[in-house]
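Read through the structure below, which is laid out as structure tokens, and then see the notes.
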Amino acid sequence: MEALIFLLVLLGGLGWLFGVIGFFRAGSAHEELRALRLALDQLAARHVVSPEPVEPVAAPVSIPSGIAETVELPPPPEEPHPPSAPAPGRDLETLITTRWGVWLGAAALLFAGVFLIRYAVEHAVLGPAPRCGLAALLGLALLGAAEWLQRHEARPLSGPLAADQAPGALAAGGTAILFGAAYGAGPFYGLLPPVLALAAMAAASLVGLGAALRYGQLTAAIGLVGAFATPALVSTVDPSLPGLFGYLFVISAVALLVMRHTAWIWLGWATTIADAIWVCLAAGMEGTELWAAAIFIPATAALNLVLLPGAALDHPTGRRLAWVPFVVLAAAGLVLEASAAGDLPRVGLFLLSPIAVWKGSAEPRLDRLPWLAALVGLLTLLLWALPDWVPTGEVLSIDGVVQAVLPGAWAPQVVRPLLGAAALLAGFHAAAGLWQERRAARPLPWAALTAGVPVLTLTVAYAQIARFQPDTAWALVALALAGALTVTTGAASGDQAPQRAGVHAAGAVAALALGCAMLLHDYWLTLAIALFLPALAWIEARADLPPLRQVALAVAALVLVRLLLNWYVPHYLFGETVIANGLVPAYAFPAAAFALAAFLFRRRADDLLVATLEAGAVAFAACFVALEIRHGFGRGRLAGAFGFEEAALHLLTLAVQALAYLHLAQRTGRRILRWAAHALGGAALAIAILMLPLNPAITGETAGVPSLFVAYLVPAVIALLSRRYLADAGLRRALAAYALVAGFVWITLQIRQFFHPDLMSLFRGTVEDAELWAWSGGWLVYGAALMFQGIRTGERALRLAALGVLGLVCAKVFLIDMSGLTGLWRVLSFLGLGLTLIGLGAVQRRLVLPAKQG
């Protein structure tokens, strides 16, 4: 009880704050009105003719003798401007006594009345009837005092404190006490029959309406807080939920009428929040009267829509006043549905659909409201708590092996209510959409209602009952729905309405995709969804339906998440066949579907959807290639460690793809292809740099001539070819440096593999004299080739690299070969180095130096 009282006091504080804000706004309006009146008075004073006699002014006079005597007029005197009155300052003493103190006094009156009634109840002072009567008299006395002060206002003041707050404060307290008296005489004590109790509460509400219109927003704010807080502050042993929500309905109606008349927007928001809080509080109550809270939700939503002026919908705030209360009340109803047992809360939520269809058909600016109601219905189906149940079919097994399943009842008794509600929800919205799409000014939202809600409802029901398990019966239902939407597509085409036909066709395709999902699983499900995209692109082009692009974007995002961010993919069973395995439908076919859809959608617009589809096609193709390599080396399994040869093949395929996308990006100008080339090329370069030190000579892994060729020489060549497509000098230098090092490593490892094909490790194997000499010879040839190419192309950086390689050979020959080689091998090593250096000097003198000096 204490927590409940605290919650309601907090609600009162919020209402109090709304009142304070409203009165500040009212004070500003008074200041603006006075300034306008002063400006009008000054303007009128300038045009008033003075009653004092005006001296005659000399004017040109004609003289009979022909001599013209002219008397010049003196310049008119300037009118003195009235001195502007100094802006009145804010007097703290006056502010505290005339505004803050009055507000605090109004709150004190409100709580005094409530706690007086509570004291009388707890201490059995008087009887129920005298208590209510005295409370009503106290409320009327406060209203009378407010009216007396209003009529006997003191000398008018100027400034922000000009408005007298006392009448409004007294009227606010009196209004709240009258609400409490009416509620006590009706549902609380049962002194009046239901009809008279409702009339008493209505009378108190009308008094509050009149008081708010006369005394301002403070009266409305405190009256609203008192009206909604009174049932909580005065407790009873046997509360009546029908009486409570009947009372709240009347209060809401009065508050919305005041808002309609005064345009106090905050009053509508506060009323909606208070109604939602009471519905949520009812969710924690026990009893059989929760139907009152369930019916209160659609009744209040309808009341809000009825009392909202049509002119308000011309402004965004007015449109928010239509759908925000609808959503807030529906959310409170979902809380009630999740907390309370029984079907009544669901009935209240489902009743929002006819209300939304009625308002959406009557007001074209609210034709999205039925979609909100449909969403509420779908959430209601999702929150439907089903008891544990098992299929009624009979399983026939032999030695523990299932041989057949005999079908049982078409649906167990426990799921039939959910199936019935789902069928009613889908059928109602489909019928409403078919009814309105031929009459509405904007038919597409209604056509989408017909095409979308049945498919979504079937999806929710399938998830609730079948739990996403493959089921032929559900797939047949989806097929029937696709057939029905195909019929509506033909009807729309017959009406010469291609856009409506396109919406229905999209719904039919979605139903087919859903049916495939009900039969398939794992990657087959993703393939079925991906194949939905080219069909959407074709429908969007034929029916001229740009909104379908947003649907396609959502479908593409779903496929991307399932295939790229699905951690269950390594555990899928793709078969053991090389290349022709389950990875083809899992990744190759979606890549093709994305590419085709991107091509079709790009013919009408090049937007985010096209970029997403192109990026998806690139990503799926790269994943397909990488997973095929992993599948081949893993012998059908994607999980597990990988070795040098697999890493080399990954490097090669990434580099080839990056080079291909660079070429295509240059030819087509597609930014996505250039970004894909940079992403795949960056990944390839990272792997390539890691493989330079982690080579078979260090790790000891076995590597053949093809694997070394693939791991080092081919990526080096691809890096050099990629430089022609890049404008960034830094990237070009990085690729050239990698190619130089990769070529050197390939020569070294190839020589090592030739002499030790089974054991390439330098730490566990030996190095022979011939191998040591071969390294020197190979490096010399590599350096000479680099120097030749540098001289031919005139690139100084290449010649410097060649000198670096030759310097390394010199260091090796004098530091290693001199002591490590013996006999003829040492002779050949020094002979080759000497001849190479002499030849290099001769070439430099004859070819390079003349070019520099010339």
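Structure values in brief
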item: Residues (open to solvent by less than 10 Å² (accessible area, probe 1.4 Å), over 19 Å from the mean Cα position of the chain (by Cα) and more than 13 Å from Val503 (Cα to Cα)) located in the stretch 531-562; result: Leu533
item: Residues being in a helix (DSSP H, G or I) and more than 30 Å from Phe594 (Cβ to Cβ) - total across the stretch 672-711; result: 13
item: Test: residue in the stretch 613-632 that is open to solvent by 50 Å² or more (accessible area, probe 1.4 Å) and part of a helix (DSSP H, G or I); result: no
item: Those residues of the stretch 744-795 which are under 60 Å from the mean Cα position of the chain (by Cα), open to solvent by 30 Å² or more (accessible area, probe 1.4 Å) and without any contact (Cβ under 8 Å) to a residue 24 or more places away in the chain, in sequence order; result: Ala785, Gln789, Arg792, Thr793, Glu795
item: Condition met for Gly133 (at pLDDT 65 or above, over 22 Å from Ala227 (Cβ atoms) and surrounded by fewer than 19 Cβ atoms within 10 Å (Cβ to Cβ)); result: no
item: Matching residues, the stretch 517-529, being open to solvent by less than 60 Å² (accessible area, probe 1.4 Å) and assigned to a helix (DSSP H, G or I); result: Ala517, Met518, Tyr523, Leu525, Thr526, Leu527, Ala528, Ile529
item: Residue check, Gly216 more than 23 Å from Pro128 (Cα to Cα), at pLDDT below 75 and buried (at least 22 other Cβ atoms within 10 Å of the Cβ); result: yes
item: Pair list, Cβ < 8 Å and 6+ apart or interchain, from the stretch 482-506 residues that are over 12 Å from Leu548 (Cα atoms) and of a type in the set (D, E, K, R) to residues that are modelled with pLDDT under 90 and surrounded by fewer than 17 Cβ atoms within 10 Å (Cβ to Cβ); result: Asp495/Arg438
item: Residue in the stretch 566-581 that is outside any helix (DSSP H, G or I), within 30 Å of Leu449 (Cβ to Cβ) and open to solvent by 10 Å² or more (accessible area, probe 1.4 Å) present; result: no
item: Restricting the stretch 304-326 to residues that are modelled with pLDDT of 90 or more and surrounded by 19 or more Cβ atoms within 10 Å (Cβ to Cβ), the residue that is nearest to Gly360 (Cα to Cα); result: Leu305
item: Counted residues, the stretch 507-551 - those being touching a Ser or Thr at 6+ places or on another chain (Cβ under 9 Å) and more than 21 Å from Ile465 (Cβ to Cβ); result: 2
item: Residue that is surrounded by the most Cβ atoms within 10 Å (Cβ to Cβ) [pool: residues in the stretch 238-278 that are more than 16 Å from Leu213 (Cα to Cα) and among the charged types (D, E, K, R)]; result: Asp275
item: Residue check, Ala647 within 17 Å of Ala677 (Cβ to Cβ), in a helix (DSSP H, G or I) and hydrophobic (A, V, I, L, M, F, W, C); result: no
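The values are calculated or read from the model by the stated rules, or taken from the named source; none is laboratory data. Nothing here was measured: the structure is a model prediction, and the numbers come from that model. As a convention, Cβ positions derive from the backbone with ideal geometry for all residues, glycine included, and neighbour counts pool all protein chains shown. Surface accessibility is based on the protein's heavy atoms, side chains included, excluding ligands, DNA and RNA. Shrake-Rupley method; radii C 1.70, N 1.55, O 1.52, S 1.80 Å.
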